[in-house]
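Chemist: Quick one: the structure is below, and I'll ask about it shortly.
Quick note: the coordinates plus some simple rules give every number you see, no bench work behind them. As the structure is a prediction and not an experimental result, all values here were calculated from the model. All Cβ positions, glycine included, derive from the backbone under ideal geometry; neighbour counts span all protein chains shown.
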There are 2 protein chains.
Amino acid sequence: MSEKVIKSKNVDASILVVGSVAYDNIITPLNTGERILGGSASYASIAASYYAGVNMVGVVGHDFDEEFINRFNRRSINLDGLQKDLSGPTFMWTGKYHENFHNRETIDIKLNVFENFRPHLPNSYKSADYVMLGNISPDLQLHVMDQLSGNPFVVADTIDLWIEIKRNELFELIKRINLFVINDSEAEIITGESNIINAGNKLISMGPECTIIKKGLHGAYLFHAEGIFALPAYPVIDLQDPTGAGDSFAGALLGYLSAINDTSFTSIKNAMLYATVTASLTVEAFSCDRLESAGIEIIKSRHAELKNIISL
Amino acid sequence: MSEKVIKSKNVDASILVVGSVAYDNIITPLNTGERILGGSASYASIAASYYAGVNMVGVVGHDFDEEFINRFNRRSINLDGLQKDLSGPTFMWTGKYHENFHNRETIDIKLNVFENFRPHLPNSYKSADYVMLGNISPDLQLHVMDQLSGNPFVVADTIDLWIEIKRNELFELIKRINLFVINDSEAEIITGESNIINAGNKLISMGPECTIIKKGLHGAYLFHAEGIFALPAYPVIDLQDPTGAGDSFAGALLGYLSAINDTSFTSIKNAMLYATVTASLTVEAFSCDRLESAGIEIIKSRHAELKNIISL
């Protein structure tokens, strides 16, 4: 099929997003952000909300800022699946970026209410056709899959922690999903292959229909039964905070696929362009601030620009 | 203009290549090569010889292997400008690759006859329309330009050494050339910009019509008055020795431009694809071995493959 350009959100389409909702404390070489809105579900949902409706599943604690709820509401994100656990504070992550953003170090993690989180899908979510399993334990990602009816298109993300401590569950998950989205260092840890082509081919032999390996500012590769696609990154000049770029990428990707209701090789390639430019907004400010305020017109203009940059 | 696909070498076209001809000693994490054919002019000339005739300018010493001359002859490279200096041995470079090829260390350099090398163009070379100034001192690159008549399209490469010890001469050179081809770390040293977009824009403000910044296995960016073009690398699986990849890239690029006799933005973009796949052959063996033996059919097939990989 030919490319479908997004003109505006498809309000008849929707995706399910499961992940973390967090307070982040971020230290970059340039600046510091304290108790800012973070978490894989936050970034993925706001990114996806440019393309389709979003049903969010996650948990927050007794201290979660009502203004953050308003932010989700303003993006028309359905929060029926967002649990409020009054027994403790919200999950908190503290991270620091070093050396021109090349390395990230986790300074502190306070799981808080996330420790006992069991994602529970409201009945209205269970028949979702497009599902994004953001970065949480593979146990919980599998638990979400067990609640799904029908035959949804499922995207999952993970991080190196789960590859180390939940390897079997992660491998079980990979078998059951349609699209695995990870970064290059994680792909190497999972497959033992430092060459991205070998790593990508090995990953799709492990179960998922296709895999996207992200290389940060060096772009991303798609590995699919029909071929390989390599996409340079959108050229960000004003990098402020890379946190959430991967979640935004995956959220926008699935939002686009849901909006056009097609998951062909060509559609996934086109989705990667939208995912890349959407994630480019995330990294230009702390938290979801720029992602949220940018608006669809900037996404459309960056999409056209990226298309130009990669065109012969 | 639309893309011109290369079917075979254009024997009516030719380029001038100036650079080093060397014995290399190479240590990689996998293997070792001793007294193998190296040097920027060797790689660039053999790469370019797939597309157009090549007139080479360089110097070798009394110990230069006659079989290496035969290798150039077999690629129909014109050696009228290759000086033989019997006063000493050939330039020798010893380098070592560390950590999965990420870092290169120069173990030893013996300039030998290269120390007193002054590139002298035979009269028949002076009217060249396409000129590649491979990595040698900017003094010598300027000395070559002073001998040129007409209005040739000039490509130049450099390395960090010259940026440090011949900065003024290098800046003078950059003003006079058409296309500057360097890698990302060199671009950062010259411009002080770690962001590739800022670095590229700054470089074209310094004089050259356009600049290509190479990122190794992460591809290359073209900065041109008409826009930016980003190209992923050809996905090499069997990396054996990265030496000469940049020289091969530049040589093939100029060879292609000469073969189609066009230097428009579109043509330079298309040339980058041929340059990338030609360089992919170089790195699959020590020296020019694979580059030389591969043949045009493999180049054409990899070109088609790369085009597929970057196509929506």
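Chemist: Regarding region B:1-143, what is the average projected area of its C-alpha convex hull, in nm²? Don't jump to the answer; show the numbers that get you there.
Modeler: Details: hull surface 42.8 nm².
About 10.7 nm², averaged over all directions.
Chemist: Can you quote the Å³ per residue value for the convex hull of the Cα atoms in region A:72-221, rounded to an integer?
Modeler: On the way: hull volume 22.1 nm³, N = 150.
Here the figure is 147 Å³ per residue.
Chemist: Give me Rg over Rh for chain B, both radii from the alpha carbons and Rh done the Kirkwood way, two decimal places.
Modeler: Working: Rg = 17.7 Å, Rh = 19.1 Å.
Checking Rg against Rh, the ratio lands at 0.93.
Chemist: Mind listing the label-point distances from residue A:5 to the same position on all other copies, shortest first, one decimal in nm, points 7 Å along Cα→Cβ?
Modeler: Computed spacing set for this position: 2.8 nm.
Chemist: Any idea what Rg and Dmax come out to for the protein assembly as shown if you just take the C-alpha atoms, in Å?
Modeler: 26.8, 87
Chemist: Let me ask you something else. Given labels modelled 7 Å from the Cα in the Cβ direction, how far is it in nm from residue A:98 to residue B:149?
Modeler: 6.0
Chemist: So for B:86, A:253, fewest C-beta neighbours within 10 Å to most, what's the order? Working shown, then result.
Modeler: Details: B:86 9, A:253 30.
Ranking B:86, A:253 by Cβ neighbours within 10 Å, fewest first, gives B:86, A:253.
Chemist: Across chain A, where is the longest run that never hits trypsin sites (Lys or Arg not before Pro) in a DSSP loop with at most 16 other C-beta atoms within 10 Å? Provide the component values of the computation, followed by the final result.
Modeler: On the way: sites that count: A:4, A:7, A:126.
Between the exposed loop sites, the longest stretch runs A:127-312.
Chemist: Compare the Cα positions of B:239, B:10, B:50 along the charge dipole of region B:10-310 (+1 at Cβ of Lys, Arg; -1 at Cβ of Asp, Glu; about the Cα centre) and return the one farthest towards the positive end.
Modeler: Comparing the listed Cα positions along the dipole, B:10 ranks first.
Chemist: Return the tail of the calculated pair distribution for region B:109-151, meaning the percent of Cα-Cα pairs more than 15 Å apart. All intermediate terms of the calculation are to be shown ahead of the outcome.
Modeler: Working: 402 of 903 pairs.
Tail of P(r) above 15 Å: 45 percent of Cα pairs.
Chemist: List the distances, in nm to one decimal, from the label point of residue A:139 to the label points of the same position in every other copy, shortest first, placing each label point 7 Å from Cα along the Cα-to-Cβ direction.
Modeler: 7.0
Chemist: Using alpha-carbon positions, what is the distance between the centroids of region A:268-312 and region A:217-235, in Å?
Modeler: Their Cα centres are 15 Å away from one another.
Chemist: When chain A is turned about an axis onto chain B, which of its residues keeps its C-beta closest to that axis, and how many Å is it?
Modeler: Residue and rounded Å distance to the axis: A:218, 2.
Chemist: Expressed as cubic angstrom per residue, what is the convex hull volume of the alpha carbon set of region A:48-122?
Modeler: Details: hull volume 9.8 nm³, N = 75.
Looking at region A:48-122, the number lands at 130 Å³ per residue.
Chemist: Continuing with this model, one more query. At q = 0.13, 0.30, 0.31 Å⁻¹, what log₁₀ I(q)/I(0) does a Debye calculation on the Cα points of region A:29-81 give, no solvent, two decimals?
Modeler: -0.34, -1.36, -1.42
Chemist: What does the charge count near residue A:68 come to, summing +1 for each Lys or Arg and -1 for each Asp or Glu among other residues with Cβ under 13 Å from its Cβ? Could you put the intermediate results ahead of the total?
Modeler: Working: positive: A:35, A:71, A:74, A:75, A:84; negative: A:24, A:63, A:65, A:66, A:67, A:289, A:292.
Here the count lands on -2.
Chemist: Among bridges DSSP assigns within region B:10-310, what percent are antiparallel (round to 5)?
Modeler: Values: 22 of 55 bridges.
The antiparallel fraction comes to roughly 40 percent.
Chemist: Which distances, in nm and shortest first, link the residue B:29 label point to the same label point in every other copy, taking 7 Å along Cα→Cβ?
Modeler: Residue B:29 label point versus its equivalents elsewhere: 2.5 nm.
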